[in-house]
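For reference, the structure is listed below as structure tokens.
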Amino acid sequence: MPLILSEAMAGDLPSIVKAQYAAFHPHDTMHRLIYPSPVTPTQAIIDKTVARQMKGWEADPHIRWLKITDSETGTVAAAAKWIVWPQAEEEGKKRWPDKLDVNWVAPALVGENAGPGADDQEYVEWAMEQFFGRRRERVNGSCVL
């Protein structure tokens, strides 16, 4: 099973998102906060996540997706999203928002399908500020993230 590293294309995102949920959901707390969904994500959740990932990819020219493909089956075995800034932050332009919009928080997730904080917008805003606040403070020069 030779594996091939290549740049991902938009059509790869559905496979990448399914692998993302398989790898991180529901046991990774940050994934549950950023991508709240039932323990077994529905196709609607997968589609919504693909749309979110695509929107971010199209809006940010610094994003590069790489994939590993099984050359025998054509299956995407792994992927990574890289954000590449070859130069320092430009004067007058902010790399990171002052406040992150967490409009993806889904209060409809209840019972066994909800993880801790998955439907708590205030908590998710706090967690995201902890995550992105560090980026605002520390990631301003040339970098790959």
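The values are calculated or read from the model by the stated rules, or taken from the named source; none is laboratory data. No experiment lies behind these values; they were computed from the predicted model shown. Neighbour counts are summed over all protein chains in view; Cβ atoms, including those assigned to glycine, are modelled from backbone coordinates with ideal geometry. Just so you know, the surface numbers come from the protein's heavy atoms only, side chains and all, with ligands and any DNA or RNA stripped out. Shrake-Rupley method; radii C 1.70, N 1.55, O 1.52, S 1.80 Å.
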Of (1) touching a residue at least 24 places away in the same chain (Cβ under 8 Å); (2) aliphatic (A, V, I, L, M); (3) under 29 Å from Arg95 (Cβ atoms); (4) assigned to a strand (DSSP E or B), Ala77 fails just (3)
Of the residues in the range 31-48, those that are modelled with pLDDT of 90 or more and open to solvent by less than 70 Å² (accessible area, probe 1.4 Å) come to Ile46
Q) Out of all the residues in the range 105-114, is one or more at pLDDT 75 or above and closer than 16 Å to Tyr35 by Cα? A) no
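Filter the range 20-34 down to the residues that are in contact (Cβ under 8 Å) with a residue 12 or more places away in the chain and within 22 Å of Thr75 (Cβ to Cβ), then identify the one that is farthest from the chain's Cα centre (by Cα).
His25
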Checking Gln43, Gln53, Gln87 in turn, the sole residue that is out of contact with any Cys (no Cβ under 9 Å at 6 or more places or on another chain) and free of Cβ contacts under 8 Å to residues at least 24 places away in the same chain turns out to be Gln43
Of (1) loosely packed, with under 15 Cβ neighbours inside 10 Å; (2) outside any loop (DSSP other than H, G, I, E, B); (3) of a type in the set (A, V, I, L, M, F, W, C), Met1 fails just (2)
Scanning the range 60-99 residue by residue, those at pLDDT below 75 and surrounded by 14 or more Cβ atoms within 10 Å (Cβ to Cβ) turn out to be Glu89, Arg95, Trp96
Among residues of the range 12-30 being of a type outside the set (A, V, I, L, M, F, W, C) and in a helix (DSSP H, G or I), the residue modelled with the lowest pLDDT is Thr29
Taking the stated definitions as given, is Lys18 basic (Lys, Arg) and open to solvent by less than 80 Å² (accessible area, probe 1.4 Å)?
-> no
Checked pairs for the range 1-19, first more than 19 Å from Pro61 (Cα to Cα), second open to solvent by 90 Å² or more (accessible area, probe 1.4 Å) and in a helix (DSSP H, G or I), C-beta under 9 Å and 6 or more apart or across chains, list as none
Hey, any hits in the range 44-58 for a residue that's assigned to a loop (DSSP other than H, G, I, E, B), of a type outside the set (Gly, Ala, Ser) and either over 21 Å from Gly133 (Cβ atoms) or within 12 Å of the chain's Cα centre (by Cα) (or both)? no
